[in-house]
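Colleague: I'd like to ask some things about the structure below.
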Amino acid sequence: MDDRPAWARRIRAERLARGWTQDDAVHALATHTSEPLPDFTSLKRSWQRWESGEVHPDNFYAPLIAATFGTVTRAMFPLSPRDHGRDKSAAELGTLEIITRLRASTVDDATIDGLHITVDQLCSDYPHLPAGQLLIEGRQWLTRLTTVLDHRLTLKQHRNVLSLAGWLALLVGCVEADSGDERAAEATRQAALSMGLEAENGGIQAWAHEMAAWFALTRGDYRSVIAASDRGLAVAGGLGVAVQLYAQKAKAWARIGDRRQVEVALDQGRRVLESLAVPDNLDNHFNIDPLKYDFYSMDAYRILGENERAELYAGEVIRAHTSADGEELAPMRISEARLTLGVIAARRGDIEQAMSYGHRSLKAQRRSVPHLIMSSKELVRAVGTDHADQPEVRAYLDELRDLTSPHGKAPLATAQ
């Protein structure tokens, strides 16, 4: 058993994935700062102590190590839950009380605060609540919020409620897209964008453009991904959504085949993410979790054929989002990580292992259908036509057809 801390194991894994010696790693680290460093021998001794888990890197060296490996500090050295937990003592109105106040046109600051908490909770339910249930609740609250806008509100209250409605519209649009209802998702996205413009909320506007990039990615329209991402970046400023927009660009450039642009986009996203404070509520879908950076990198390097690095990031995604008792905390991310491992296994000729990962990826109860189909097709292509008659491949294709057929997709073939 390797009893070293997870961050120490990762430092070594990142180094080995690049084929570096410890000397190479120390030289690489030194290029990421203009500050004076100890002599090489002392720095290498520190590296050995970090890699062994004997000493945790301090606040100066942790960002340098993360930059050396092209990631962000909190992805490699995550905070413990108690460091960024939400304040559970916040005064929270119950759902019934909020609805009663809205019906009575009692829209005071306490009601607005209750609405904030409700919308935040719904956005936090995105990763694990069944899509059908979340869609019903999200639409119900969106209707209530739009009704509130007909009440007599101060200008500040109006903009506040309009922003809440915009965030909720974004959430509903995401769930509609996950469920394969592209037309409804696009209409809801445009409504969210309109609310963001009226409320002068750059975050909502940027996320609406990010959704457009996401939709284009799953359609295979990679130039539109880049255009939508650039529109989002123009209004995102230094907000966390910029990280996601750069990630969408990286995914598109990877599929176009431009490795240089992939590296540029990933590094731009890394720099933004490194500059941000860790959000108070990491569960909220519209807060950028530092751990998600490995997820972005995994996708790009899988497409580029960098098997070792993609495999490393996939392993980190699964580890970081699996609790000590084996509960999957982010099923959609884990599903794609398994597909990544399946693609790599197929490239290495292990078809049985590849199909095992493929089957497991399709079992998740919470999933994004368009994204899952897109990544599954990559696994099908990696398997190739030579193995199409193997029983496990046929079984996987049948399962994938069952997933795609309700959404009007064309039948799948291993040649796709």
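Colleague: Is it the case that region 85-92 has a residue that's closer than 22 Å to W141 by Cβ, surrounded by 12 or more Cβ atoms within 10 Å (Cβ to Cβ) and at pLDDT below 90?
Modeller: Yes; the residues of region 85-92 include at least one that is closer than 22 Å to W141 by Cβ, surrounded by 12 or more Cβ atoms within 10 Å (Cβ to Cβ) and at pLDDT below 90.
Colleague: Between a residue in region 148-162 that is assigned to a loop (DSSP other than H, G, I, E, B) and any residue that is surrounded by fewer than 10 Cβ atoms within 10 Å (Cβ to Cβ), which pairs come within a Cβ distance under 6 Å, given they are 6 or more apart or on different chains?
Modeller: Note: no pairs meet the criteria.
Colleague: Here is a follow-up. Looking at D150, D109, D113, which is the one that is more than 14 Å from N281 (Cα to Cα), out of contact with any helix residue (DSSP H, G or I) (no Cβ under 9 Å at 6 or more places or on another chain) and either crowded, with 19+ Cβ neighbours inside 10 Å or at pLDDT below 80 (or both)?
Modeller: Being more than 14 Å from N281 (Cα to Cα), out of contact with any helix residue (DSSP H, G or I) (no Cβ under 9 Å at 6 or more places or on another chain) and either crowded, with 19+ Cβ neighbours inside 10 Å or at pLDDT below 80 (or both) holds for just one of D150, D109, D113, which is D150.
Quick grid of which residues meet (1) under 30 Å from T218 (Cα atoms); (2) among the small types (G, A, S); (3) in contact with a Leu (Cβ under 9 Å, 6 or more places away or on another chain):
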| position | (1), (2), (3) |
| --- | --- |
| T111 | no, no, yes |
| H128 | yes, no, yes |
| L142 | yes, no, yes |
| Q157 | no, no, no |
| V161 | no, no, yes |
| L168 | yes, no, yes |
| S179 | yes, yes, yes |
| A184 | yes, yes, no |
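Colleague: I'm checking my understanding of the structure. Among residues of region 184-227 that are small (G, A, S) and closer than 24 Å to S376 by Cα, which one is surrounded by the most Cβ atoms within 10 Å (Cβ to Cβ)?
Modeller: A213
Quick grid of which residues meet (1) in contact with a His (Cβ under 9 Å, 6 or more places away or on another chain); (2) of a type in the set (G, A, S):
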residue: A169; (1), (2): no, yes
residue: V175; (1), (2): no, no
residue: E182; (1), (2): yes, no
residue: A191; (1), (2): no, yes
residue: I204; (1), (2): no, no
residue: A212; (1), (2): no, yes
residue: Q248; (1), (2): no, no
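Colleague: Being of a type outside the set (A, V, I, L, M, F, W, C), under 25 Å from M298 (Cα atoms) and touching a residue at least 60 places away in the same chain (Cβ under 8 Å), is that true of even one residue in region 37-52?
Modeller: Among the residues of region 37-52, not one is of a type outside the set (A, V, I, L, M, F, W, C), under 25 Å from M298 (Cα atoms) and touching a residue at least 60 places away in the same chain (Cβ under 8 Å), which makes the answer no.
Colleague: A follow-up question, please. Check whether at least one residue in region 329-340 is surrounded by fewer than 20 Cβ atoms within 10 Å (Cβ to Cβ) and either charged (D, E, K, R) or modelled with pLDDT of 90 or more (or both), and report yes or no.
Modeller: Within region 329-340, not a single residue is surrounded by fewer than 20 Cβ atoms within 10 Å (Cβ to Cβ) and either charged (D, E, K, R) or modelled with pLDDT of 90 or more (or both).
Colleague: Return the pair list, or none, for Cβ contacts closer than 7 Å from residues in region 374-396 that are surrounded by 14 or more Cβ atoms within 10 Å (Cβ to Cβ) to residues that are in a helix (DSSP H, G or I) and at pLDDT below 85, at least 6 apart or on different chains.
Modeller: S376/L400; V393/H387
Colleague: Take the residues in region 266-297 that are assigned to a helix (DSSP H, G or I) and free of Cβ contacts under 8 Å to residues at least 24 places away in the same chain, then tell me which one is surrounded by the most Cβ atoms within 10 Å (Cβ to Cβ). Talk me through it step by step, then tell me what you get.
Modeller: So in region 266-297, the residues assigned to a helix (DSSP H, G or I) come out as 266-275, 292-297.
When the remaining residues are screened for being free of Cβ contacts under 8 Å to residues at least 24 places away in the same chain, the result is 268, 271.
Working: Q268: 18, R271: 14.
The selected residue is Q268.
Colleague: Pull out all pairs, ordered by first then second residue, where Cβ-Cβ is under 7 Å, the residues are six or more apart or on different chains, the first lies in region 225-240 and is under 15 Å from F286 (Cβ atoms), and the second is among the acidic types (D, E) and part of a helix (DSSP H, G or I).
Modeller: G232/E210
Colleague: Continuing with the same structure: Here is a check on your reading of the model: is S323 assigned by TED's automatic domain parsing to the domain that holds A395, over 21 Å from S297 (Cα atoms) and small (G, A, S)?
Modeller: Criteria met by S323.
Colleague: Kindly establish whether Y313 is aromatic (F, W, Y), in the same structural domain as I373 (by TED's automatic domain parsing) and under 17 Å from the mean Cα position of the chain (by Cα).
Modeller: yes
The values are calculated or read from the model by the stated rules, or taken from the named source; none is laboratory data. As the structure is a prediction and not an experimental result, all values here were calculated from the model. Don't worry about glycine lacking a Cβ; one is built from the backbone with ideal geometry, like all the others, and counts go over all protein chains shown.
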